[in-house]
Amino acid sequence: MSTRSDSIKEIGTALAKAQAVLVGAVKDSVNPHFKTRYADLASCWDACRKALTSNGIAVVQMPEKDMIGYYVETLLTHSSGEWIASKCYIHLQKDDPQGLGSAITYARRYGLSAMVGICGEDDDAELAQRTAAATKDARGPTPVIPRPASTAPRVANPVTGLKKPEPIEHAEEKDENDDFVF
């Protein structure tokens with residue numbers, strides 16, 4: 001959910017100038033569970049701090065809680081008085097202070113990156129595509145299982161006199177995203 005000041009002309013212009021000189025966030029941290037590299041919060045800040053401040057933009061990130069749950073609100077404020085804010089709700093994996101702290105850091109990193117336009121130095125899309133292709137190859141072709149035809153007799157509706165429509169015969173299969181295709 002995002003909110004903003006009545007006008008965002010000045011902050012929009014300043015943000016565009018800042019984004020023109022943004023650098024990619026350095027993926028200098030390692031996720032030991034997935035054995036992948038990622039840009040931590042400090043790297044995200046390093047990627048945008050100078051570009052934002054030299055264009056009159058400050059960032060404030062506040063952890064909050066409402067009836068829905070915990071969230072981090074990221075607020076971009078401009079020297080003109082204009083502002084843009086967005087909430088990033090968080091789901092706690094562990095309901096303790098450490099779990100909350102980790103979730104807040106995660107939401108701050110993603111909130112800052114999303115609002116400012118920070119991307120990682122290198123793109124993992126190629127790796128993701130290779131992984132998806134390898135998974136699909138390992139699974140083999142998706143079996144096509146025909147639906148059983150209905151054995152119920154086609155009787156006329158006593159009010160309209162119309163018979164029930166015949167079922168559409170087709171097979172169910174999945175596409176590359178494991179979504180059903182009919």
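Among residues belonging to the stretch 80-113 that are more than 16 Å from the chain's Cα centre (by Cα) and among the small types (Gly, Ala, Ser), point out the one that is surrounded by the fewest Cβ atoms within 10 Å (Cβ to Cβ). Out of the qualifying residues, it is GLY81. Restricting attention to the stretch 74-109, the residues that are modelled with pLDDT under 95 and part of a loop (DSSP other than H, G, I, E, B) add up to 7.
Among the candidates SER79, SER86, the residue that is among the small types (Gly, Ala, Ser), out of contact with any strand residue (DSSP E or B) (no Cβ under 6 Å at 6 or more places or on another chain) and either within 15 Å of CYS119 (Cα to Cα) or in the same structural domain as ALA103 (by TED's automatic domain parsing) (or both) is uniquely SER79. Candidates in the stretch 41-73 are the residues that are in a loop (DSSP other than H, G, I, E, B) and more than 21 Å from the chain's Cα centre (by Cα); of these, the one that is surrounded by the fewest Cβ atoms within 10 Å (Cβ to Cβ) is MET67.
The values are calculated or read from the model by the stated rules, or taken from the named source; none is laboratory data. Here the structure is a predicted model, which is why all the values come from computation and not from measurement. Every residue, glycine among them, receives a Cβ derived from its backbone with ideal geometry; neighbour counts consider all protein chains shown.
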